[in-house]
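Quick notes on the structure that follows.
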Amino acid sequence: MDFKKAKEIFNSLFQGVDGYQISFQARKKLGFYDRSLTYGEINFDSFYEIIKMINSKKEDVFYDLGSGTGKAVLASHLLFDFKKSIGIEILDNLYEISLSIKEKYEREIKPGLVNEKIMGEIDFVLGDILETDFSEADIVFANSTCFPDEIMNNLEQKLLTLKKGARIITLTNRLKNEAFLLLMSKLYQQNWGQATVNFYVKESAAGGS
Ligand SMILES: C[S@@+](CC[C@H](N)C(=O)[O-])C[C@H]1O[C@@H](n2cnc3c(N)ncnc32)[C@H](O)[C@@H]1O
C-alpha cells in the first residue's frame, strides 16, 4: 500500500488512543516502579524509514517486543504487508487496546482494501518477551530505550534463538554478543524525541554457536 494511504488508515485507527495514559494507569495499578515499563511510541514516518533500511521481503515475519498499543505492528502490516506482524506486550491494558485496534481494522478497514490484496496476518500476545517464543521472526523490533541492562542481557539470550540472517532493530541500547553484527546506528525521530536506532543481522545459526 502506498505511504499516504497507509498513514491515513494508521491515523484513523489510533485517533484518540492515548498509549501514554493507558500505560500510566496500568503501571499505577501495579503499585511499584519498573523502568522497563516506561512508555514511548514509534513515529510513523521514521518507522517507515527504519524498516526500509533493512532488506525486508513480503514473506518476512515481524515481531515488536513490547508492542504497547500496537503502532509498530499495524504500521509494519500497512506499509510492508509482512506475512505476519506480531506484538508481545506485558501490560494487559495496552494489550487489550492493541487487540481492539486489530479487530476494528479487520472489521471496518481491511474488507475495503480489495485493490491492495493485503495478505499479512496481525496478532498480539499478552506476555513477557523473555518468556515468549519469537524464534520464527525474520525481523525483530525492540523500542528498548528504557530496558535496563538485566533485561537487555536476558533479551540477548532470547535473540540467540533467531535464525541466521534475522534482522534486529534496537533503540538506544546495543547488543553485545558477537553473533549480532551491527550494520549501522543512526538517529531517528520517535514520538518522545530522537533516539539512536541500531540495525543488526544475526550471523550464526540458532543457538549462537
Ligand atoms: C517504549 S514502549 C514501545 C511501544 C511500541 N513498541 C512502540 O514502539 O510504539 C515499550 C513497551 O514494552 C513493554 N514491555 C516492557 N517490558 C516488557 C516485557 N518484559 N515483556 C513484554 N512487554 C514489555 C512496555 O509495557 C511498553 O508498552
Six or more apart or on different chains, Cβ under 6 Å: which pairs go from a residue in the range 127-145 that's in a loop (DSSP other than H, G, I, E, B) to one that's among the β-branched types (V, I, T) and surrounded by fewer than 23 Cβ atoms within 10 Å (Cβ to Cβ)? Could you list them?
-> D128/I90; T132/V125; S135/T161; E136/V61; A137/V61; D138/V61; T145/T172
Taking the range 28-74 and keeping only residues that are assigned to a helix (DSSP H, G or I), away from the ligand (no atom under 14 Å from the Cβ) and either within 13 Å of E89 (Cβ to Cβ) or among the hydrophobic types (A, V, I, L, M, F, W, C) (or both), one is left with M53
Determine which member of the set D123, D92 is under 24 Å from N154 (Cβ atoms) and within 15 Å of the chain's Cα centre (by Cα).
-> D123
If you go through the range 161-170 one residue at a time, do you hit one that is within 24 Å of K84 (Cβ to Cβ), part of a strand (DSSP E or B) and within 12 Å of the ligand (Cβ to nearest atom)?
-> yes
Please identify the pairs in which a residue from the range 10-26 that is under 17 Å from A72 (Cβ atoms) and in a helix (DSSP H, G or I) has its Cβ atom under 7 Å from the Cβ atom of a residue that is away from the ligand (no atom under 13 Å from the Cβ) and not hydrophobic (A, V, I, L, M, F, W, C), counting only partners at least 6 apart or on another chain.
-> L13/K104; L13/Y105
Looking only at residues in the range 75-102 that are hydrophobic (A, V, I, L, M, F, W, C) and closer than 12 Å to V61 by Cβ, which one is nearest to the ligand (Cβ to nearest atom)?
-> I86
In the range 137-159, residue nearest to the chain's Cα centre (by Cα) [restricted to those that are away from the ligand (no atom under 11 Å from the Cβ) and crowded, with 23+ Cβ neighbours inside 10 Å] = V140
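Values quoted throughout were computed directly from the atomic coordinates according to the rules given, and no laboratory measurement underlies them. Predicted, not measured: the structure shown is a model, and the values here were computed from it. Reconstructed Cβ throughout: ideal geometry from the backbone, glycine too, with neighbour counts over all protein chains shown.
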